[in-house]
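Everything on this sheet refers to the single structure shown next.
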Amino acid sequence: MSRWLPRTYLTLIYLLLYVPILVLVVFSFNDSRTGYEWGGLSLRWYEALFNNRAMVQAMWNSLWLALSAATVSTIIGALTALALHRYRFRGKKVLNGMLFIVMMSPEIVLAISLLALFLLVGLQLGYVSLLLAHVTFCLPFVVITVMARLSGFDERLPEAARDLGASDFTMTRTVLIPVIMPALLAGWLLGFTLSLDDVVVSTFVSGPSYEILPLRIYSMVRVGLKPEVNALGTLLLVFSLVMLMLSQWILLRSKR
Amino acid sequence: MRSARQQPFRTAVLILVWGWLLFLVFTPNLLVVGASVMTRDPGTFISLPLNLDAYRQLLNPLYLEVFLHSLYMAAMTTLICLLIGYPFAWSLSKVARQHQVLLIFLLIVPFWTNSLVRTYALKLILATNGLLNSALMSLGLIEEPLQMLYTEGAVIIGLVYLLLPFMILPLYAVFDDLRDDLLRASHDLGAGRFSTFIHVIVPLTLPGVLAGVMLVLLPAMGLFFVPDILGGSRNLLVGNVIKNQFLDARNWPFGAAASIVLTLAMAFLMFAHRLSKRRIGEEGV
């Protein structure tokens, strides 16, 4: 195979992937009201965005939700990974299977099953239902990240700790947690991004008491074009990019 | 078993993990299965008696048409992703190692950015007075703006755009594992390029193809916001029907039955994927 053909092809596809994002970013600085024509540079849509109270409130709600969902899923996910890695117990395969199902099943299936649960147990839809749902879909990703780290880990270390008289809890705290720290951080960042970007599950399990960003965007873009969305999209893009780079940096650094 | 003082931690961890998964994964899925065989009830959402009406309703020509159209759009999406993704992953695996990391990173950046916002960005491009029409008109290629938004094509473009990385990543994984000595062996045994492709490369990359198909086909039936933004009311996905039944029409049994069909489709694809992997394993490659 000649060298330039694959390279040209790769470049072309990358261009196609990035053109819509570039358009969004460029148009977020567009002064024109119609949204299609270029009317000069302006920050008016960013201004409009921050003057929109409901929008700012939704932004805080989303950030708080992502923060808490990422934290809870990291804790539970890490404990799950440790249990799967270290303990022998009945139904391990079932546990693995359930995590796999959460990861593979279409989001909408997870969404309606959680909605059914919340309504039948009488949980009011809002922050708590969103948190439970987001932690659930973030969980398998944290488990995988932590498991990957644990699988390359010297088994003699925890044995040594135990021989020296450490309890399981002490050993976990002083030996295992430091080892999986990079994976915990990466998993946390992953969960944060997943939570912040989710539309499908949130559509079902959120209530009017707790409006979050993706749903606010959703209701805006269904009817026509809203230039504020360009500005908001650009901000989200920069934010996700920073988070992603941070998580990659942490993972790469820990490998050295 | 280990000494007694180590047990409380272990027990606490296992209870937490099992509790979470049983309450938030197992029970909800059971509820959906249950709801699908119950009767619609305006007050409590579902009630007895048990029946298969919801499944019968799936076969109602009106809905059957929506499902088949959704399946068609999902299949087209998958096919286009495969046609773009296969050579893409192959090319990617040929690039120098140190560049691959960066290229993979560039591939996953868009897929960690808000998919809703990216779908909206496509609207800016595809609209009647959008960028693509303006560009084509100023180049003199078309006289009148084309109607691209609110068509089947727009939905497929949107789905391909959102799901392409999910096709490429598993394909890249199999191409990355493809050993050059096998290709050389095939060449030494007198196989031409085409023959090597059909008899060596295709079978060895099949698990990646199936994994990619699985990761694209199912979401392509569920991402209801894509037709909402790009497709208008005539190009609905199964996801739109499920969402409608649960949030607007309040017909839980029907929505649940539709989602079970999706789940069964997933189970079938997963089974095919396992089978293809095992076959390769048995052939000792």
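General remarks:
- The amide H of residue B:46, built 1.01 Å from its N in the peptide plane, has B:41 as neighbours under 5 Å, considering only residues 5 or more places off or on other chains.
- Cα gyration tensor, the protein assembly as shown - rounded (a/c under 1.5), prolate or oblate: rounded
- Only Cα pairs under 8 Å and 6+ residues apart enter the sum, and on that basis the relative contact order of chain B stands at 26 percent.
- In a simple Cβ point-charge model (Lys, Arg +1; Asp, Glu -1; nothing else charged), the range B:60-284 has a dipole of about 380 debye relative to its Cα centre.
- Proximal aspartates and glutamates relative to residue B:277, as straight alpha-carbon distance under 17 Å, when same-chain residues fewer than 8 apart are discounted: B:176, B:177
- Centroid-to-centroid, using Cα positions, the range B:254-275 and the range B:135-159 are 34 Å apart.
- Taking every full run of DSSP H in chain A, the ones that stretch at least 30 Å from end to end by Cα along their long axis and average -1.0 or higher on the Kyte-Doolittle scale are A:4-28, A:53-86, A:127-151, A:227-255.
- Shape analysis of the range B:133-240 places it in the oblate category; the axes a ≥ b ≥ c from the Cα gyration tensor give an a/c of at least 1.5, with a/b not above b/c.
- Residues of the range B:63-104 with amide N under 20 Å of the 7 Å Cα→Cβ point at residue B:197: B:79-95
- Among A:201, A:242, A:223, residue whose mean-square fluctuation peaks in a GNM of chain A (springs only between Cα atoms under 10 Å): A:223
- Exposed GluC sites (Glu not before Pro) absent: longest stretch of chain A, with sites in DSSP loops and at most 14 other Cβ within 10 Å deemed exposed: A:38-154
- Coil-residue trypsin sites (Lys or Arg not before Pro) of the range A:67-172, DSSP, other Cβ within 10 Å capped at 14: A:88, A:90
- 13 Å Cα-Cα reach of residue B:123 towards aspartates and glutamates, excluding residues that sit fewer than 8 places from it in its own chain: B:228
- Look at the alpha carbon pairs under 8 Å that are at least 6 residues apart: their mean separation over the length of chain A gives a relative contact order of 31 percent.
- For chain A, the fraction of C-alpha pairs more than 33 angstrom apart is 36%.
- Cα-based shape type of the range B:60-284, given that a ≥ b ≥ c are square roots of the gyration tensor eigenvalues and the cut on a/c is 1.5: oblate
- Under the span-like rule (Cα at least 30 Å along the axis, Kyte-Doolittle mean at least 0.5), DSSP H helices of chain B: B:61-94, B:152-177, B:252-282
- Neighbour-limited loop hits for chymotrypsin sites (Phe, Trp or Tyr not before Pro), the range B:196-244 (at most 16 other Cβ within 10 Å; DSSP other than H, G, I, E, B): none
- Extending 7 Å from the Cα toward the beta-carbon at both residue A:4 and residue B:104 defines two label points whose distance is 3.0 nm.
- The region of chain B that goes longest without hitting one of the GluC sites (Glu not before Pro) in a DSSP loop, each with at most 12 other Cβ atoms within 10 Å, is B:1-142.
- Cleavage-rule hits (chymotrypsin sites (Phe, Trp or Tyr not before Pro)) in the range A:84-187: DSSP loop, at most 15 neighbouring Cβ within 10 angstrom: A:87, A:89, A:153
FYI, it's all coordinate maths here, none of it is from the lab. Computed from a predicted model, the values in this text were never measured in an experiment. Counting neighbours? That spans all protein chains shown, and the Cβs are built from the backbone with ideal geometry, glycine included.
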